[in-house]
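S.K.: Submitted below is the structure of interest, expressed as structure tokens.
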Amino acid sequence: MARVHRLIDPSPPGRWWRARLHAAIEYSHTEIHLERGHDDLDGLCIAFLSDLHAGHYLGRSEIERIAERIAESQPDLVLLGGDLINVRLRELRLCAPLWESLSPPLGVFAVPGNHDYFRPDLVDRWPTWLERNGVPVLTNRGVRVQRGDASLWLCGVDDLTEGAPCINRALEGRRDEEPTLLLSHHPDLFRVASERGVDLQLSGHTHGGQVRLFGWAPLNHSRYGWLRGHHRRHDAQLYVGRGVGCTLVPVRIGAPPEVPILRLRRDAAAGAANATEPSPAPSDTPRSS
């Protein structure tokens, strides 16, 4: 099927379909209220991109326009939530505008997704390519980012289905008083993260269902119902972006592509009111060391 799409993509009908998919991208703006952290975190802006599946009806020209739109929001951080490529390493070249055109003051960071493991030869070369281009890959590790007198522990984990996520290693080095932002391609790690003192998790993977019929998604990539949007569990929050690209078939129904623009707010009183409870979760827990 991938070969068929590679033939269709550059054709006139394929270019028309690419333009249609790109025109549907929503640049959503959401405020995330943190209940701890220094006031200098107030207003910090994050652009979160996931599931580009570059090369599958999404080319460099479309990604250049996405980067231009993101730049208009003047983000402090740009976070790449996995599945940048579809099946081939060279598709990373199509994503270059995300680190060549954008220069957020706190940097651009990434974590792997399941498609970034599509072939065995990608496992080591994918992060090496990004690191060489100035994009740290937070695979089971964290970094401290500073904004004024405020610090934020930014960390990431390996993909839940194809990799070996270790949240313990990702959290090593954080301070008790600083909020933690976790990048995990798969949202279901939130089951563990919400019990480990993570304040906010950003995830993709689900495509928002990609095809939703009367509110029902035939392809449900979260066993806990965390398909899209803003959720809360215990004192932790989760935002699941619908992603930019498509997988398998280039069709989206009821789940338009999305680039979330998130703004952190230090307003504890409004925090609980701004998040929704996820669906009841089964008792089993996703694997994580």
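S.K.: Out of curiosity, is ARG252 farther than 28 Å from LEU171 by Cα, buried (at least 20 other Cβ atoms within 10 Å of the Cβ) and touching a helix residue (DSSP H, G or I) at 6+ places or on another chain (Cβ under 9 Å)?
M.R.: yes
S.K.: For segment 72-111, enumerate the residues that are free of Cβ contacts under 8 Å to residues at least 60 places away in the same chain and among the aromatic types (Phe, Trp, Tyr).
M.R.: The answer is TRP99, and nothing else.
S.K.: If you don't mind, there's one more thing I want to ask. For residues that are under 22 Å from the mean Cα position of the chain (by Cα) and open to solvent by 80 Å² or more (accessible area, probe 1.4 Å), scanning just segment 17-30, find the one that is nearest to LEU200 (Cα to Cα).
M.R.: HIS29
S.K.: Determine which member of the set ARG233, ARG223 is surrounded by fewer than 21 Cβ atoms within 10 Å (Cβ to Cβ) and under 13 Å from HIS186 (Cβ atoms).
M.R.: ARG223
S.K.: Let me ask something else. Out of the residues in segment 49-101 that are surrounded by fewer than 24 Cβ atoms within 10 Å (Cβ to Cβ) and acidic (Asp, Glu), state the one that is nearest to the chain's Cα centre (by Cα).
M.R.: The selected residue is ASP76.
S.K.: Would you kindly identify the strands (runs of 3 or more DSSP E) lying entirely within segment 87-197 that contain at least 3 residues that are at pLDDT 95 or above and within 22 Å of GLY55 (Cα to Cα)?
M.R.: Hits in segment 87-197: 108-110.
S.K.: Could I ask something else about it? Exactly one condition in (1) under 14 Å from the mean Cα position of the chain (by Cα); (2) farther than 14 Å from ARG196 by Cα; (3) small (Gly, Ala, Ser) is not met by GLY156; state its number.
M.R.: Status for GLY156: all satisfied but (2).
S.K.: Here are the criteria: (1) surrounded by 18 or more Cβ atoms within 10 Å (Cβ to Cβ); (2) over 28 Å from GLU68 (Cα atoms). Tell me which single one PRO104 does not satisfy.
M.R.: The failed condition is (2).
S.K.: While we're looking at this one, here's another question. Output the number of the condition that THR161 fails; it satisfies all remaining conditions of (1) surrounded by fewer than 19 Cβ atoms within 10 Å (Cβ to Cβ); (2) in contact with a strand residue (DSSP E or B) (Cβ under 8 Å, 6 or more places away or on another chain).
M.R.: So the condition that THR161 fails would be (2).
S.K.: Give the residue that is surrounded by the fewest Cβ atoms within 10 Å (Cβ to Cβ), with candidates limited to residues of segment 198-215 that are modelled with pLDDT of 95 or more and of a type in the set (A, V, I, L, M, F, W, C).
M.R.: Ranking the candidates gives LEU200 first.
S.K.: Can you find a residue that is more than 18 Å from the chain's Cα centre (by Cα), open to solvent by less than 10 Å² (accessible area, probe 1.4 Å) and at negative phi anywhere in segment 168-179?
M.R.: Within segment 168-179, one or more residues are more than 18 Å from the chain's Cα centre (by Cα), open to solvent by less than 10 Å² (accessible area, probe 1.4 Å) and at negative phi.
S.K.: Check segment 127-149 and report whether any residue there is farther than 30 Å from VAL251 by Cα, open to solvent by 60 Å² or more (accessible area, probe 1.4 Å) and among the β-branched types (Val, Ile, Thr).
M.R.: yes
The values are calculated or read from the model by the stated rules, or taken from the named source; none is laboratory data. Given the structure is predicted, the values throughout are model-derived calculations rather than measurements. FYI the Cβ positions are ideal-geometry reconstructions off the backbone, even for glycines, and counts take in every protein chain you see. Note: areas computed on protein heavy atoms with side chains; ligands, DNA, RNA excluded. Shrake-Rupley method; radii C 1.70, N 1.55, O 1.52, S 1.80 Å.
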